[in-house]
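The block underneath contains the structure these notes are about, expressed in structure tokens.
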Amino acid sequence: QVQLVESGGGLVQPGGSLRLSCKATGVDFDRYVMAWYRREERDLVATMPIGGIPNYDHSVKGRLTISRDIAERTLFLQMNDLKPEDTAVYYCYAQYAFSSERKGHWGQGTQVTVSS
């Protein structure tokens, strides 16, 4: 069973930093495209293609950085210069890269609140 568990969210002042983590189990991590989404609508934040170049939403480019540790099966989102507009629940997402017939998997989310 595939399981994604996010952590690292919290309350931070504008301009502050957080690092989100997503630990995956039940999956060969290097065979999945990983991504971060946010809000109820699951708006795209950043994607990490296998062997590709990360993609970012224009609102976070230059401030947020996506990365992953294959050996530890963990996806990260380093969040710097946070703004109130970044306040949201952030969700980890995993999609098997070698078949379009398989459904993706979602984590439960971690709350990020940027406020004075």
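The values are calculated or read from the model by the stated rules, or taken from the named source; none is laboratory data. Predicted model, so just to flag it, every value in this text is computed and none were measured. Here Cβ is always computed from backbone atoms with ideal geometry, including for glycine, and neighbour counts include all displayed protein chains. The accessibility values were calculated without ligands, DNA or RNA, using every heavy atom of the protein model including side chains. Shrake-Rupley method; radii C 1.70, N 1.55, O 1.52, S 1.80 Å.
Averaging over all projection directions, the Cα-based convex hull of the chain occupies 6.8 nm² in the image plane. For segment 58-116, the convex hull drawn through the C-alpha positions has a volume of 121 cubic angstrom per residue.
Carbon and sulfur together cover what percent of the accessible area of the chain at a 1.4 Å probe radius?
Roughly 46 percent, rounded to a whole number.
Distance between the pseudo-spin-label points of S115 and Q95 (7 Å out from Cα toward the beta carbon): 3.3 nm.
Here the relative contact order of segment 13-55, from alpha carbon pairs under 8 Å that lie six or more residues apart, stands at 26 percent.
Write out the chymotrypsin sites (Phe, Trp or Tyr not before Pro) in segment 13-94 meeting two conditions: DSSP loop, and at most 16 other Cβ atoms within 10 Å of their Cβ. Display every interim value, and only then the final one.
Working: sites: F29, Y32, W36, Y37, Y56, F76, Y90, Y91, Y93; in loops: none.
Nothing satisfies the criteria.
In this rough spin-label picture, where each label sits 7 Å from Cα along the Cβ direction, the N80-Q108 distance is 3.2 nm.
On average, how much accessible surface per residue is there in segment 3-68, in Å², for a 1.4 Å probe, leaving out ligands, DNA and RNA?
So segment 3-68 comes to 54 Å² accessible per residue, rounded to a whole number.
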